Structures are given as C-alpha cells and as structure tokens.
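Everything below concerns the one structure shown next.
The values are calculated or read from the model by the stated rules, or taken from the named source; none is laboratory data. Note that the structure is a prediction, hence the values are computed from the model and not measured. When we count neighbours, we look across all protein chains shown, and the Cβ atoms used for this are built from the backbone with ideal geometry, even at glycine. With ligands, DNA and RNA removed, areas are computed over all heavy atoms of the protein, side chains included. Shrake-Rupley method; radii C 1.70, N 1.55, O 1.52, S 1.80 Å.
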Amino acid sequence: VCGCGIGGILGLNDEEDRLVFTEIPALRDKRVKCLAAGPSHSLALTPEGALFSWGIGVAGKLGHRNEESLWEPQQVRALREEKVLSVACGEKHTLACTATGKLFAWGRGILGRLGHGDGEDSFEPRQVMALKDTLILKVYATSDGTLCTDDTGRCFVFGDSEEGQLGTGDGLTFWEPV
C-alpha cells in the first residue's frame, strides 16, 4: 500500500503516509488476489475467497457489526461461509459478490446505494434480495451508487444517479436494482 495514512486507512497500524509501496504485516501470511480501495477504507481478497477490511468504520462499511475503525486488516466474519469473488468500495459503502452469485452490500444506506430498498445503514454484509435469483459475477461502486453484472452480461444499477453516474439517463435515485 502507499499514500495517505490518516485514520490508519493503509492497514499498517499507524497514521504515517507512505510514498512507496509497503507490505501490510497483517496480510504477510496471506496470498492476496485483489485489493479495493475507497477514500477511507480498503479491502483485500484472497484466492480462497476470504475478505479482509480496514480503515474508517463509519456507518459499518467495514462489515464488522459496528462503526469502529480498524488500523489493520481483519477478516469479515459474516462472509466466512461464502467464497467472495469480487469486491468494491464506495465512499461510504462496501460490496461483495460470491461464487454462488449472491450480492452483499453494507455501510451507509441513504440514496439507495445498498440496493436493499429501505435506505437503512447496514453494519454487516446483507444480501441484496432483489437479485437473489440472479447470478451476479462482478460488482463496481461509485461514490453513491452500485453497478453489477450477471452471468448473461446484464448490468444492474442502484443508488444515486443525480449526475448521471449510473448511466440511466434520468438522474434519479434507485433504491433497488434496475
């Protein structure tokens, strides 16, 4: 990792900025296949599908059932029984899709960015039930929205599209996937 270390967001158990890439000691014994980073939190995903999060925990976006910030990576326990394949970080929300095609979303729920239909915050991963019968393969995040694709190539979006960031052409907010 490298960059601004404020709030421990680099996962190095300190707030020092890093000007060159630095290994994360807490992940030293893990093989990491992908990293995802938002403005104030990050994710690491192993080839086995284990998901780790760290950073500023506002609105539960780290997925550990609280709003505590973590200065080092910690496995997201709620997804231990799932093999996570794809992850994304929005500004205030987090997303993961699994080998069985389930999409999970958690963090700040306002503006529909979680796709649960209720706008409530979620402090742990919660399946997006509107897509429960759809095989989701990949997930992407904007600051206030979510995009995901299924096994047939269809794209679903939800969240805030006031500035057109979801590509729907209407600038609306979608509380559930469309």
Tell me, what does the Kirkwood hydrodynamic radius of segment 111-178 come to in angstroms if you use every pair of distinct C-alpha atoms? 12.0
From the protein chains alone at 1.4 Å, what is the descending order of accessible area for Cys148, Cys34, largest first? Cys34, Cys148
From the phi of every residue in segment 97-106, what ³J(HN,Hα) in whole Hz does the Karplus formula 6.51 cos²θ - 1.76 cosθ + 1.60 yield, where θ is phi - 60° and glycine or proline is x? 10, 10, 4, 8, x, 7, 10, 10, 9, 7
Placing unit charges on C-beta atoms (Lys and Arg positive, Asp and Glu negative, everything else neutral), compute the dipole magnitude of the chain about its Cα centre in debye, rounded to 20. 640
First obtain the Kirkwood hydrodynamic radius of segment 39-103 from its Cα pairs, then insert it into the Stokes-Einstein equation at 4 °C and 1.567 mPa s, and state the resulting D in µm² per second as a whole number. 111
Under-5 Å amide H pairs with Val128, H placed in peptide plane, nonlocal only: Leu103, Phe104, Ala105
Excluding Glu48 itself, calculate the net charge of residues whose Cβ lies under 10 Å from the Cβ of Glu48, where each Lys or Arg counts +1 and each Asp or Glu counts -1. +4
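On the accessible surface of the chain, probed at 1.4 Å, how many percent belong to carbon and sulfur atoms?
Values: 4220 of 8570 Å².
Carbon with sulfur: 49 percent of the solvent-accessible area.
Please compute the alpha carbon radius of gyration of segment 1-133, then divide it by the globular-protein estimate 2.2 N^0.38 Å. Two decimals is fine.
1.00
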Which length gain, in nm to one decimal place, applies between Glu23 and Asn66 when the Cα-Cα distance is subtracted from 0.36 nm times their residue separation? 12.8 nm
Alpha carbons only, please: Rg and Dmax for segment 70-161, in angstrom. 12.2, 39
Toy charge model, Lys and Arg Cβ at +1, Asp and Glu Cβ at -1: segment 132-174 dipole around Cα centroid in debye, rounded to 20, equals 220
If one puts a single equal scatterer on every Cα of segment 1-55 and applies the Debye formula without solvent, what log₁₀ I(q)/I(0) results at q = 0.16 Å⁻¹? -0.43
